[in-house]
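Taking it in order: structure first as structure tokens, then the write-up.
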Amino acid sequence: MIVGMVTTTTAGLDNEWADDHIIWYCPSIGVADWSAENNKQDRVTIVGMDAATLTYDTLRFGEFEDFPETSEPVWILGKEYNALTEKDEILSDVTSRLWFTYRKNFQPIGGTGPTSDTGWGCMLRCGQMILGEALMCRHLGRDWRWARDQKQREEYISILNAFIDKKDSYYSIHQIAQMGVGEGKPIGQWYGPNTVAQVLKKLAVFDTWSRLVVHVAMDNTVIIEEIKRLCMPWLDLAGEAEGEGEVNGCLEGACALAEETALWKPLVLLIPLRLGLSDINEAYIETLKQCFMLPQSLGVIGGKPNSAHYFIGYVGEELIYLDPHTTQPAVEPCEDGQVPDETYHCQHPPCRMHICELDPSIAAGFFCKTEDDFDDWCMRIRRLSCKKGGLPMFELVDSQPVHMVSVDTLNLTPDFSDSDRLERFFDSEDEEFEILSLREA
């Protein structure tokens, strides 16, 4: 029987689509939420089960589709595989990625808020996945593989604890939701790719263990000079010392800072993009594919109307992604510090969707552990921009273009005290994205 009907805003993207949901009750399974958006792709979320709650995407297949038998290469976050001969290796790689999904029965957010993020937290979970991949590369390396029941490394446990659904975890759903309030997103409201990128940037400042620089490149522009100043803060002190002719003052301070922070603070580069109006512009498709081939790739967060996904690669014309739309019970660490981790790894073939179904609002991510990694990334991006057959998704420049407003002009610095004002200045919703022209430059 029908017990209610609600109208909601589409989950996961800054763009807003209205979507009517009908709430059903079935004695055997509890309450179900049936979306009437499309007869062929209606979504059901069962929220009254003791076991993990499954979405209609999961239920409709019965079992997950395996990889296609194709000679076309499979690309997963910078790694190339053969689907005919390396299927086990592909699944091992996918399973080793951190898989963050809806959870239920965790501590109330803010003390009195929701105890589950089902129905609103999909983009927040995608943000956790792309940052989780960065932490894995930072502490374990891209080639690390997960296996069931293996002894957990200390670094791996620390990474998981950073995402446990508790208020004191660095990147928990609690921290992301509450930090999002400063971005104009009330707790329980859906995020878009840009908003979650800005929130992760703020939260990373408090992660003294990983010491990451999370940089969100706005206006479709990556400024090399700006990133190097952030990742090598001692350069500013050294420049001051040289300009003032000091030998033992600022210069010694710069050397001490360089020693303390190493020569390069690992970079997580997030680039919010708009690749079309209501649909992705086909001129960007080949360039988007190329991003998954870069060794620095962290993947893409985005989705399609009604759902956000974490895209980790492609095969042929299909994107490969991890889907957060499965509700699982919140996890409690064991008394010995170990974390029951099987539900944090997707142990079935990943989902796929045609690339043309992708919503044009996305954020691409890249990780550069060293300065050499960043220089290599810049070289590869410049090569891509010279290739024919696709439009560049963003611009890579050496220094700040004159048309862009400088942070210094605002007398703002990206630190604790000014982070709120800085992010509010640079925050832009989807309607403010510039649609890049198809005309030849």
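The table for this structure:
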{"read-out": "Residue match in region 334-343 (condition: assigned to a helix (DSSP H, G or I) and on the phi < 0 side of the Ramachandran plot)", "value": "yes"}
{"read-out": "Residues that are open to solvent by less than 20 Å² (accessible area, probe 1.4 Å) and small (G, A, S), drawn from region 361-405", "value": "S361, A363, A364, G365"}
{"read-out": "Output for region 117-129, where each listed residue is outside any helix (DSSP H, G or I) and either open to solvent by 30 Å² or more (accessible area, probe 1.4 Å) or without any contact (Cβ under 8 Å) to a residue 60 or more places away in the chain (or both)", "value": "T118, G119"}
{"read-out": "Filtered residue count, region 137-172, keeping only those that are of a type in the set (A, V, I, L, M, F, W, C) and part of a loop (DSSP other than H, G, I, E, B)", "value": "7"}
{"read-out": "Qualifying residues in region 83-92 (those that are free of Cβ contacts under 8 Å to residues at least 40 places away in the same chain and outside any helix (DSSP H, G or I)) - the one least open to solvent (accessible area, probe 1.4 Å)", "value": "E86"}
{"read-out": "Filter result for D143 (among the acidic types (D, E) and either open to solvent by 50 Å² or more (accessible area, probe 1.4 Å) or at pLDDT below 95 (or both))", "value": "yes"}
{"read-out": "Candidate set from region 346-360 (those that are under 16 Å from R148 (Cβ atoms) and out of contact with any Leu (no Cβ under 8 Å at 6 or more places or on another chain)); member that is surrounded by the most Cβ atoms within 10 Å (Cβ to Cβ)", "value": "H348"}
{"read-out": "G365 being farther than 30 Å from K104 by Cβ, at pLDDT 75 or above and not in a helix (DSSP H, G or I)", "value": "no"}
{"read-out": "When residues of region 157-174 are limited to those that are free of Cβ contacts under 8 Å to residues at least 60 places away in the same chain and closer than 18 Å to E133 by Cβ, the one most open to solvent (accessible area, probe 1.4 Å)", "value": "Y170"}
{"read-out": "Residue, farthest from I271 (Cα to Cα), within region 221-231, restricted to residues that are open to solvent by 10 Å² or more (accessible area, probe 1.4 Å) and either at pLDDT below 95 or out of contact with any Pro (no Cβ under 9 Å at 6 or more places or on another chain) (or both)", "value": "R229"}
{"read-out": "Unmet requirement for L135, which otherwise passes all of (1) touching a Phe, Trp or Tyr at 6+ places or on another chain (Cβ under 8 Å); (2) surrounded by 17 or more Cβ atoms within 10 Å (Cβ to Cβ); (3) at pLDDT 95 or above", "value": "(1)"}
{"read-out": "Region 329-345 residues that are within 11 Å of D149 (Cα to Cα), paired with ones that are charged (D, E, K, R) and open to solvent by 30 Å² or more (accessible area, probe 1.4 Å) (beta carbon under 7 Å, 6 or more apart)", "value": "E342/R148"}
{"read-out": "Meets criteria (of a type in the set (V, I, T), farther than 13 Å from I362 by Cβ and surrounded by 20 or more Cβ atoms within 10 Å (Cβ to Cβ)) for T327", "value": "yes"}
{"read-out": "Near pairs, Cβ below 7 angstrom, 6+ apart or cross-chain, from region 93-112 (free of Cβ contacts under 8 Å to residues at least 12 places away in the same chain) to any residue that is among the hydroxyl-bearing types (S, T, Y) and open to solvent by 10 Å² or more (accessible area, probe 1.4 Å)", "value": "P108/T115"}
{"read-out": "Positions within region 191-209 being surrounded by fewer than 23 Cβ atoms within 10 Å (Cβ to Cβ) and in contact with a Phe, Trp or Tyr (Cβ under 9 Å, 6 or more places away or on another chain), in sequence order", "value": "L203, A204, V205, F206, D207, W209"}
{"read-out": "Yes/no for K151 being among the basic types (K, R), open to solvent by 10 Å² or more (accessible area, probe 1.4 Å), in contact with a helix residue (DSSP H, G or I) (Cβ under 7 Å, 6 or more places away or on another chain) and modelled with pLDDT under 95", "value": "no"}
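The values are calculated or read from the model by the stated rules, or taken from the named source; none is laboratory data. Everything quoted here is computed from the prediction, not taken from an experiment. Don't worry about glycine lacking a Cβ; one is built from the backbone with ideal geometry, like all the others, and counts go over all protein chains shown. Accessible surface areas use protein heavy atoms only, side chains included; no ligands, DNA or RNA. Shrake-Rupley method; radii C 1.70, N 1.55, O 1.52, S 1.80 Å.
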